[in-house]
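Here's the structure, in structure tokens; my notes come after.
The values are calculated or read from the model by the stated rules, or taken from the named source; none is laboratory data. Just so it is clear, the model here is predicted, and its values are computed rather than measured. Accessible surface is based on the protein model in full, side chains and every heavy atom, while ligands, DNA and RNA are left aside. Shrake-Rupley method; radii C 1.70, N 1.55, O 1.52, S 1.80 Å.
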Amino acid sequence: MARSMGNFLFPFIAIVVLSSVCCSFRFALFMLDSNETSVKWKETSGSSGVQISAATTYNQYEESEEVTRSGAKCLTFEETFDNLVASSNNIFLVMPPKAAGSSMKAFTEKCAGADGGDNPLRDDKQMEDLFHARLMPQKIITSHLPKTPKTKLVRLIQNAPRKSLVVYLHRNDSNRIISAIRYVLVTKLCGKKFGINPLIHDENNYTMDGTRCIINEDHVINNIIKPKIGEIGGGSDSTLHCGVYSAIEDNFPTMVFIHYKQAEKVQKVFAKYHCPDLLNTPFRDNIGGQHEGEPEIEAFLRVKKKEGGTELVELGKWLDAKRDLLEIVYQLKESNRDGKTCLGKTRNMEDDLFSCGDEILQVTRDTSF
């Protein structure tokens, strides 16, 4: 009888033991799936003596890839961005005016060459010259984006192969405009860095006394800021317009946004794989509109007083006082034909970018700014 009962119960006992083992194994797999880092798990069933162990190692870069609310990924200079540069066949580095472009172009010329001349992505002929300059074209191509046509970045995104990396150096446009105004006035107008420009060099509206430059406020507003002379134009309304965001979603480029203040760290990563001799040689050209060895120019605006007469106001003080109204009063943001700017998408991108520790943001298949 006892033997019969044992034979009867044995299948049920076996089922209970196996169920316990399977549940434990499923629990272990669940723990593995829900953890982002490497997990090692081991459990021993005391009564059965059965041991189950499981181990997995996730992608070594997974810990540092934080997904943002727009579906983009935060990268790091030491790991994920480094890996991206190492695996790219060539690199296109682009930026608006006053976003570390001069420094990065100086670095690129020493590191990879300048076969296409200055700002090759602005001109199709320059890109053809770069293409034919040598059998193996230079691997890093750096260029300011033009104010017009606005399609240059769109075409780059549409045509870049999967193994080509597009890097966009970004600067908040309100800050960029202030820097651009200072640069145009101090370096181009007062310093005549690029020769005489009849649009701005009106001797009735500015005077030089040594390194002291005095400019009429009316001239600055009407002939320089409102028509967006030089670097004042060409900001995010020209380079990050609606067409660019559509191209990103439609084409899924290998593309990252990086804050322009990280330019020297970008140089280090590029140098590691393309010019190791420059690894400890940072390039800082045209910082604040001032080139090395140039005398510092003191710029003042001659401002009309409400009660009559004029007063001199230091340029920096004037810009600090007026900066919050400049874009509104003089409508410095351009829209497309439908009246759209897609500025909201740029602000979403900025929020994501500045939330990343190293201020590097990579586009993914799920990215929608």
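Karplus couplings for segment 96-109 from phi (6.51 cos²θ - 1.76 cosθ + 1.60, θ = phi - 60°), rounded to Hz, Gly and Pro as x?
x, x, 6, 9, 6, x, 4, 5, 6, 5, 5, 5, 4, 4
In what sequence, largest accessible area first, do Tyr260, Tyr330, Tyr245 appear using a 1.4 Å probe?
Tyr330, Tyr260, Tyr245
Apply the Karplus parameterisation 6.51 cos²θ - 1.76 cosθ + 1.60, with θ equal to phi minus 60°, to every residue of segment 305-321 and state each ³J(HN,Hα) to the nearest whole Hz, in sequence, with x for glycine and proline.
Listing the rounded values in order: 8, 4, 7, x, x, 9, 9, 8, 10, 4, 4, x, 5, 5, 5, 4, 6 Hz.
Can you check what the Kirkwood hydrodynamic radius comes to for segment 105-172, Cα pairs only, in Å to one decimal?
Evaluated over segment 105-172, this radius sits at 12.8 Å.
So for segment 173-266, Kirkwood radius off the Cα pairs, Stokes-Einstein at 25 °C and 0.890 mPa s: how many µm² s⁻¹?
Value of D from the Cα-based Kirkwood radius: 157 µm²/s.
Taking amide H atoms as placed 1.01 Å from N in the peptide plane, list the residues 5 or more away in sequence, or in a different chain, whose amide H sits under 5 Å from that of Thr68.
Amide H neighbours of Thr68: Lys73, Cys74.
Largest first, how would Val329, Val184, Val313 line up by accessible area (1.4 Å probe)?
Descending order: Val329, Val313, Val184.
Please list the non-local residues whose amide H lies under 5 Å from the amide H of Met255, H modeled 1.01 Å from N, same-chain partners needing a gap of 5 or more.
Val166, Val363
Residue by residue through segment 68-73, which ³J(HN,Hα) values in whole Hz follow from phi under the Karplus form 6.51 cos²θ - 1.76 cosθ + 1.60 (θ = phi - 60°), with glycine and proline marked x?
Along segment 68-73, the couplings run 8, 5, 8, x, 8, 10 Hz.
Given H placed 1.01 Å from N in the peptide plane, which residues other than close sequence neighbours of Phe300 have an amide H under 5 Å from its amide H?
The list, which skips near neighbours in sequence, is Cys213, Ile214, Ile215, Leu315.
Quick one: Debye curve from the alpha-carbon atoms of segment 63-190 only, equal weights, vacuum; give me log10 I(q)/I(0) at q = 0.21, 0.23 Å⁻¹ to two decimals.
Here the Debye-derived log intensity ratios amount to -1.38, -1.48.
So, taking all protein chains as they sit and a 1.4 Å probe, how much accessible area belongs to Ser70, in Å² rounded to tens?
It works out to around 10 Å².
Using only the alpha carbon atoms of segment 85-132, find the Kirkwood hydrodynamic radius as the inverse mean reciprocal pair distance, in angstroms to one decimal.
11.6 Å
Run the 1.4 Å probe and let me know the accessible area of Glu109, rounded to the nearest 10 Å².
Ignoring ligands and nucleic acids, Glu109 comes out at about 120 Å².
Could you look at segment 127-267 and say what percent of its accessible area is carbon and sulfur, using a 1.4 Å probe and all protein chains?
Its accessible area is 49 percent carbon and sulfur atoms.
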